Amino acid sequence: MRNKPKTKAGDRPEMLIDERRQHILELIQNHGRALVSDLSERLNISQITIRKDLDYLQSKGAIQRSHGGALRVPSSALIDPTLQEKQKHNLQEKERIAAAAIKMVEEGQCVILDSGTTTTAVAERLKRFKQLTIITNAVNIAAELAGTDFEVILVGGTMRKNSFSLVGPLAEDNLEEMHADILFLGVDGFDMEVGITTPNLLESRVNRAMVKAARHVVAVCDSSKFSRRSLSRIVPPGAIHHVITDQNLPREIEEALRAMGIAVTLV
């Protein structure tokens, strides 16, 4: 059962905790600062709840608390580039990763594709199959596969403009009812202690629901994503069954992954 914030009269119980915190974080990032009183009035949330949210965001290194409010802090862990920006980086590595990924797929299977440029490359190569069921939260991937004979299921939700991904309670609830053979999960950060992370709190919840829905979980990411941490953890490393990455992965990370029982494919 999803944990909802305790509220006073005038609070908005329909807004989930992570939704509210992500909204507060974006306001602070956009404006550079925010006051507790202004946030309380804007969101119709008690000031006590706002202070707890700010304390949480500070504990994650996302903001700097100040007297009566909070300030923006520059941090690579909070950077959330657009899909177009991501497409410019490591193109050859992503194509090789996608080519290796589809070798794990069999005709007739159900495949979950997370949003992202690497998973988009996987989607493009999956078109050589005749019959698949594709579950995705990525609007661009659904459009890419629209001309196939696949059964394409969009999980629903609110679209994030940066990534063309659908997030929120509707996406999470729908994924709870689904079961898939394999998940290809894009990665913003893969830290051997923390696990797989993303800069967006809402995206992490949907990704976590995808992991629960899939029998086999494959992280598809170029080697630059390792030893990096973003704001919100999706799952710990042990929740991943297989990693497909490029040959530039440091040997010590490869050995650590294999020691945890995670299969590694270098391309």
Which of the residues belonging to segment 119-134 are aliphatic (A, V, I, L, M) and over 17 Å from Ser163 (Cα atoms)? Leu126, Leu132, Ile134
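Limited to segment 219-259, what total is found for residues that are assigned to a helix (DSSP H, G or I), of a type in the set (A, V, I, L, M) and surrounded by 17 or more Cβ atoms within 10 Å (Cβ to Cβ)?
Step one: of segment 219-259, the residues assigned to a helix (DSSP H, G or I) are 223-225, 237-239, 251-259.
Those left that are additionally of a type in the set (A, V, I, L, M): 239, 253, 256-257, 259.
Okay, now just the ones that are also surrounded by 17 or more Cβ atoms within 10 Å (Cβ to Cβ), so 253, 257.
Residues meeting the conditions: 2.
Look through segment 101-156, keep the residues that are hydroxyl-bearing (Ser, Thr, Tyr) and in contact with a Leu (Cβ under 6 Å, 6 or more places away or on another chain), and return whichever of them is nearest to His241 (Cα to Cα).
The selected residue is Thr119.
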Could you please tell me which pairs satisfy a Cβ distance under 9 Å, a separation of 6+ or placement on different chains, a first residue in segment 233-262 that is in contact (Cβ under 8 Å) with a residue 60 or more places away in the chain, and a second residue that is surrounded by fewer than 12 Cβ atoms within 10 Å (Cβ to Cβ) and not in a loop (DSSP other than H, G, I, E, B)? Asp246/Gln92
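Taking only segment 182-195 into account, find how many residues are closer than 19 Å to Leu166 by Cα and modelled with pLDDT of 90 or more.
Of segment 182-195, the ones closer than 19 Å to Leu166 by Cα are 183-188.
Among the residues that remain, those that are also modelled with pLDDT of 90 or more are: 183-186.
So the answer is 4.
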Out of (1) touching a strand residue (DSSP E or B) at 6+ places or on another chain (Cβ under 7 Å); (2) of a type outside the set (S, T, N, Q); (3) farther than 19 Å from Val218 by Cα; (4) surrounded by 20 or more Cβ atoms within 10 Å (Cβ to Cβ), the odd one out for Phe150 is which? (4)
Residue set Asp18, Asp11, Asp80, Asp53; condition at pLDDT below 55 and buried (at least 16 other Cβ atoms within 10 Å of the Cβ); output residue Asp11
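The values are calculated or read from the model by the stated rules, or taken from the named source; none is laboratory data. Small disclaimer: the values here were computed from a predicted structure and weren't measured. Reconstructed Cβ throughout: ideal geometry from the backbone, glycine too, with neighbour counts over all protein chains shown.
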